[in-house]
Amino acid sequence: MRVARIIPCLDVDAGRVVKGVNFVDIRDAGDPVELAARYDAGGADELVFLDITASSDRRDTTVAMARAVADEVFIPFTIGGGIRTLDDARRLLRAGADKVSVNTAAVRRPELVSEISREFGAQCCVVAIDARTSTQAPSGYEVFTHGGRTRTGIDCQQWAAEVERLGAGEILLTSMDRDGTKEGFELHLTSMVSTTVGIPVIASGGAGTLDHLVEGVIAGKADAVLAASIFHYAEHSIAEAKTRMAQAGIKIRPT
Amino acid sequence: MISRPLVAIVDYGIGNLHSAQKGFEHAGADARLTADRGLISDAAGVVLPGVGAFAPCMAALGRTGLDEAAVAAAGSGRPFMGICVGMQVLFAGSDEAPGTSGLGVFDRMVRWIPGPVKRPQMQWNVLRRSRAHPMLDGLDDPIWAYFVHSLAPETPDAEDVVATCDYGGPVVAAVARGSVWAAQFHPEKSSRVGLRILANFVNAVRAEP
């Protein structure tokens, strides 16, 4: 039985959730523990925290945040953003993160994926791939880094196969063309990567409606769907999303 | 006042044990991460965690000498619980690490999950009870638990199997024999269901004289 996961994504800066989390009756909208507990109670299957902290000296607060979340919340969570070294990964995993997600640093030094996988296991090694359509890439999609600003010349499909070979346990695939548009996931990209690799793929970028989540799993063949705005602004609950997915014939963990 | 029994979580240098410790604390235990053989042999209950791969876990257990402590604890009659790779190493060996012996508490092998499925199984899945066992007391079906694994013990119809999940066929999800319980899924990551399973273990620890 294959069971799709719904994964809310929270942006954090210096250990605080930032940008548009707007639940009613929440005491502190920036508290990652309170929000994580809220999503756990609401039926989220996992959480992703994307660390947008720019300066490395404030990253200690991200480690402290991982510890605080792990103290109180008993669903898996991933931390991504700014992880450059094996030691960065080690600190977050020791603090209680279940997985770390690497992106730019993996492109720059692919051995980092192998190092994390070998030391902590493939299950905690997520590679985030930011892809954009490109006529120059054989698969039609090129890998970008630095939050989608820097083109790499690397073909997305080839890179996906490569990170699996290097030891990644999961791919977090973001369409830079769709990210923030609310037009839905890039389904062709998603299904291409999901059928290329034998590890789970999380679809990301563009989810604006509940039907988009359904499409991501059915047409996109994704194992999990990541979404930010549709949940944070309480436009929809996790329960509504799961109900819609179940109606479409997708197996989910009920809330 | 309900007692908080001492549960030793064997810390042999593998993986993130923070969540496991906090989970057992939530479940009512005085949970300690420890590599101290004295504490492991004195504790009312013992937990053997493990993540990653079979061979590095066995190597770390051997290096720290905690392999013997774990086998002794599993044979002591005190409640004992293996989790994830900490379950797999209780078996004789694993397809993942030919030539590396496991602890042999259970005498069969751990095998790759067969069939055209994605490995790892990284998802929530339903526990299908193979028999009544206190591990799953107080839980209504369907019981959802979080799995991350590419291998599992063979023989889903073995007598010691407590639950399976369906992932391209029946996959062993939990086993138990006597005082030894083991879960392939992560109770410490399975939200309310998982905390109840940990509490069931702590209750078993409390029930020991």
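Every read-out reported here was derived from the displayed coordinates using simple, explicitly stated rules and does not represent laboratory data. On a predicted model such as this, the values are computed, not experimentally measured, just so you know. Neighbour counts run over all protein chains shown; Cβ positions are idealised from the backbone, glycine included.
Within the stretch B:7-16, the residues that satisfy the criterion of being under 24 Å from B:Arg192 (Cα atoms) and outside any strand (DSSP E or B) are B:Gly15, B:Asn16. Scanning the stretch A:39-66 for residues being among the basic types (Lys, Arg) and either surrounded by 17 or more Cβ atoms within 10 Å (Cβ to Cβ) or under 16 Å from the mean Cα position of the chain (by Cα) (or both) gives a total of 1. Figure legend. Inter-residue proximity from the stretch A:221-238: first residues in contact (Cβ under 8 Å) with a residue 40 or more places away in the chain, second residues crowded, with 22+ Cβ neighbours inside 10 Å and part of a helix (DSSP H, G or I), beta-carbon distance below 6 Å, spacing 6+ or different chains. Indicated pairs: A:Ala222/A:Thr190; A:Ala222/A:Ser194; A:Ala222/A:Gly216; A:Val225/A:Leu213; A:Val225/A:Gly216. From the list A:Ile252, A:Ile199, the one residue that fits, being within 14 Å of another protein chain (Cβ to nearest Cβ), within 30 Å of A:Leu86 (Cβ to Cβ) and buried (at least 20 other Cβ atoms within 10 Å of the Cβ), is A:Ile199. Examine the stretch A:109-131 for a residue that is away from every other protein chain (no Cβ under 14 Å), part of a helix (DSSP H, G or I), under 19 Å from the mean Cα position of the chain (by Cα) and farther than 16 Å from A:Met176 by Cα, and state whether such a residue exists. Yes: the stretch A:109-131 contains one or more residues that are away from every other protein chain (no Cβ under 14 Å), part of a helix (DSSP H, G or I), under 19 Å from the mean Cα position of the chain (by Cα) and farther than 16 Å from A:Met176 by Cα.
Of all residues in the stretch A:93-108 being under 14 Å from A:Phe77 (Cβ atoms) and assigned to a strand (DSSP E or B), which is nearest to the other protein chains (Cβ to nearest Cβ)? Here the answer is A:Lys99.
B:Glu68 fulfils the conditions (1) over 14 Å from the mean Cα position of the chain (by Cα); (2) away from chain A (no Cβ under 12 Å); (3) within 26 Å of A:Arg90 (Cβ to Cβ); (4) in a helix (DSSP H, G or I) except for a single criterion, (3).
From the list A:Val107, A:Val18, the lone residue that is surrounded by fewer than 16 Cβ atoms within 10 Å (Cβ to Cβ) and touching a strand residue (DSSP E or B) at 6+ places or on another chain (Cβ under 6 Å) is A:Val18.
Taking the stretch B:17-48 as the range and being part of a helix (DSSP H, G or I), of a type in the set (Lys, Arg) and away from chain A (no Cβ under 11 Å) as the test, only B:Arg37 passes. Quick check on my filter: what residues within the stretch B:114-135 are aliphatic (A, V, I, L, M), surrounded by 20 or more Cβ atoms within 10 Å (Cβ to Cβ) and away from chain A (no Cβ under 11 Å)? Within the stretch B:114-135, B:Leu127, B:Met135 qualify. The residues on offer are B:Val162, B:Val148, B:Val202, and the sole one that is in contact (Cβ under 8 Å) with a residue 12 or more places away in the chain, surrounded by 24 or more Cβ atoms within 10 Å (Cβ to Cβ) and away from every other protein chain (no Cβ under 11 Å) is B:Val202. Identify all residues within the stretch B:88-113 that are within 14 Å of another protein chain (Cβ to nearest Cβ) and out of contact with any Ser or Thr (no Cβ under 8 Å at 6 or more places or on another chain); write none if there are none. Correct list: B:Val89, B:Ala97.
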